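Here's the structure, in structure tokens; my notes come after.
Coordinate-derived values only; no laboratory data. Because the structure is a prediction, the values reported are computed rather than measured. Heads up, the Cβs are rebuilt from the backbone with ideal geometry, glycines too, and the neighbour counts pull from every protein chain shown.
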Amino acid sequence: MSRFKKKSEKSLPAISTSSLPDIVFMLLFFFMVTTKMKEVTLKVVVRKPDATQATKLENKSLISNIYIGKPLPRYQNQYGDQPLLQLDDAFAKPKDVAPWVLQEIEKTAEFERSKRTVSLKVDREVKMGIVTDVKEQLREANALKINYSARKAAILE
Amino acid sequence: MAKRSAPEINTGSMADIAFLLLVFFLVTTTMEQDTGIQRKLPEKQPENITPPEVKRRNVFIVLVNRNDELLVNGEPGDINLLKDRVKEFILNPRNSEDLPEKTPTVIEGLGTYEVSKGVISLQNDRLTSFEKYMAVQDVLTRAFNELRNELASAKFGKTFDELQVLAKTNPEYEKKSDAIKKAIPISISEAEPKQTKSK
């Protein structure tokens, strides 16, 4: 036993931490590069409904988002408190959806156009009227793949 | 003045600074992935074309009215019972006269399978809440997914969900999952809204 003790009593040279910043910086750059800041600033309140059958949407770059919900309190003076839809960063009317979607499709590479999906992020309290208008517009623009955005919920028996 | 060598800057705290930044980016990174229920909208029909006649027995009408109440085939329905009714409608296990017809179809990997002609017609009012609409969509999707799982378990010994996961890496399973999709297509039609009367 004493033999081991003797060894440990010898003062070990301290581990050099001078390369620690390098390691951490490497991690830092990795996260800086991969981080994608939120593309849009939400101006409407969207509390997604729950769905047990919700599945993951793949390929983020092929998804266009339409947000529908009540405007945030600070916009309510100007826009009222009725549900509105938001395309990119601005409020829009249902009739703006078709041109916007066509633009989105235009941006997609030719061979991936059929995969473009429109994700409807709708607040749970919104009435179906506005959603239906948007759906009609999407049919007009022939953007038929849609996704009703919902949170994944567990099945309750 | 005598030239003095400048003292070396202590780099010991460099790690702390870097860690701070690292933690910031870790926290702000959103790996959030969109989840939801995927659907395909019907194509826009030219106005002068009359839609093909569909036999009454082949349609299962689910109507959600402005008070978020359910009307299933013309009678008030319960959302908790909807799933089993849809499953029975699509399967038509006893070949009943008032449930949908089936067309025997040859499907690769499955042999001949009697594909149901049944269509679920989901109708809503402009004042139906999105939450209720999604709840019904969810139940309908679940009915179809369960049917697919049952068929896949019976034929391939794996549920449809498992097949889909395996299909990503193995084309053999992709064929199987495609076969299941063909055997039980998700036939939900989202009609344009109707004005329903409230009580």
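What the table shows:
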quantity: Against the rule of thumb 2.2 N^0.38 Å, how large the Cα Rg of the protein assembly as shown comes out; calculated: 1.37
quantity: Positive dipole terminus of the protein assembly as shown, leading residue within A:Ala141, B:Ile37, B:Leu163 (C-beta point charges); calculated: B:Leu163
quantity: Anchor A:Lys56: aspartates and glutamates whose Cα lies under 16 Å away (excluding residues fewer than 8 positions away in-chain); calculated: B:Glu32, B:Asp34, B:Asp138, B:Asp161, B:Glu162
quantity: At most 16 other Cβ within 10 Å, DSSP loop - trypsin sites (Lys or Arg not before Pro), segment B:13-50; calculated: B:Lys44
quantity: Sequence-distant residues sharing a close amide H with A:Leu84 (under 5 Å, placed H); calculated: A:Gly69, A:Lys70
quantity: FRET efficiency estimate (nearest 0.05) - Cβ-Cβ, B:Leu41 to A:Lys107, R0 22 angstrom; calculated: 0.60
quantity: Compactness of chain A - radius of gyration and Dmax, Cα, Å; calculated: 25.5, 86
quantity: Against the rule of thumb 2.2 N^0.38 Å, how large the Cα Rg of segment A:68-141 comes out; calculated: 1.20
quantity: Stretchable slack from B:Phe19 to B:Thr105, in nm (0.36 nm times residue separation minus alpha-carbon distance); calculated: 24.8 nm
quantity: Linear extension gain, B:Ile61 paired with B:Ala6, 0.36 nm per residue minus alpha-carbon span; calculated: 11.3 nm
quantity: Label point distance in nm, A:Ile155-B:Gln33, each placed 7 Å from Cα along Cα→Cβ; calculated: 2.0
quantity: For B:38-51, mean number of other protein chain Cβ atoms within 10 Å; calculated: 3
quantity: Shielding by partners - mean other protein chain Cβ count within 10 Å, residues of A:45-57; calculated: 6
quantity: At R0 = 30 Å, FRET efficiency that the Cβ-Cβ distance of B:Asp78 and B:Ala154 yields, to 0.05; calculated: 0.55
quantity: P(r) weight above 22 Å for chain B, C-alpha pairs, percent; calculated: 63
quantity: 0 to 90° range, to nearest 10: angle between helix A:20-34 axis and chain A longest Cα axis; calculated: 10
